[in-house]
Amino acid sequence: MSNATTNPMSPVVIDIGENITKVLDVLSSKLGTTADHLMQVYVRQTMIEGWGFMIMSLLFIIILSVAIFFFNKKANFGVNDWNFHATIVFVCFLAAFITIIVFVCNATDAYSKIVNPEAYAFQYFTKNVGTLIGR
């Protein structure tokens, strides 16, 4: 008995090997499109994910930097005089720091999705092919 049947939480493993064209044709026929169009959709989605991550991360860092700049003017960081503006600056700085860490850790992946979307589209397809064809 295979691991997939004994453990319902195990991932579906399909050896598509030389049958990738057949699997693409079956999937595309179920969706009412062609296999070429289906791969183009995967490629476009991969590029959207890459650009989306880059743009949203940079935009978030810029917004937080502007907020830190403006709220820092009114912030009082004294021990007994801590005010609302100081709290906003602290929270924005913490959020910006976390965003920068996440950006640095994932920027190469996002850049690779933009530069070589076909490879990531193929990975996405092979990872999800079992779910997509109903196995």
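The values are calculated or read from the model by the stated rules, or taken from the named source; none is laboratory data. As the structure is a computational prediction, the values presented were derived from the model and not from experiment. Using ideal geometry, Cβ is built from the backbone for each residue, glycine included, and neighbour counts are taken over all protein chains shown.
So which residues in segment 94-111 are in contact (Cβ under 8 Å) with a residue 12 or more places away in the chain, over 12 Å from the mean Cα position of the chain (by Cα) and surrounded by fewer than 16 Cβ atoms within 10 Å (Cβ to Cβ)?
If the condition is that a residue be in contact (Cβ under 8 Å) with a residue 12 or more places away in the chain, over 12 Å from the mean Cα position of the chain (by Cα) and surrounded by fewer than 16 Cβ atoms within 10 Å (Cβ to Cβ), then I100 is the only one that fits.
Test each condition in (1) surrounded by fewer than 14 Cβ atoms within 10 Å (Cβ to Cβ); (2) assigned to a helix (DSSP H, G or I); (3) not aliphatic (A, V, I, L, M) for F90 and report the one that comes out false.
It is condition (1) that F90 fails.
Picking from L59, L94, which residue would you name as being out of contact with any helix residue (DSSP H, G or I) (no Cβ under 8 Å at 6 or more places or on another chain), within 30 Å of Q123 (Cβ to Cβ) and modelled with pLDDT of 90 or more? Steps first, answer last, please.
On the way: L94 fails: within 30 Å of Q123 (Cβ to Cβ).
Criteria check complete, one pass: L59.
Only one of these is surrounded by 12 or more Cβ atoms within 10 Å (Cβ to Cβ), under 26 Å from V115 (Cβ atoms) and either touching a His at 6+ places or on another chain (Cβ under 8 Å) or among the aliphatic types (A, V, I, L, M) (or both): L64, L38. Name it.
L38
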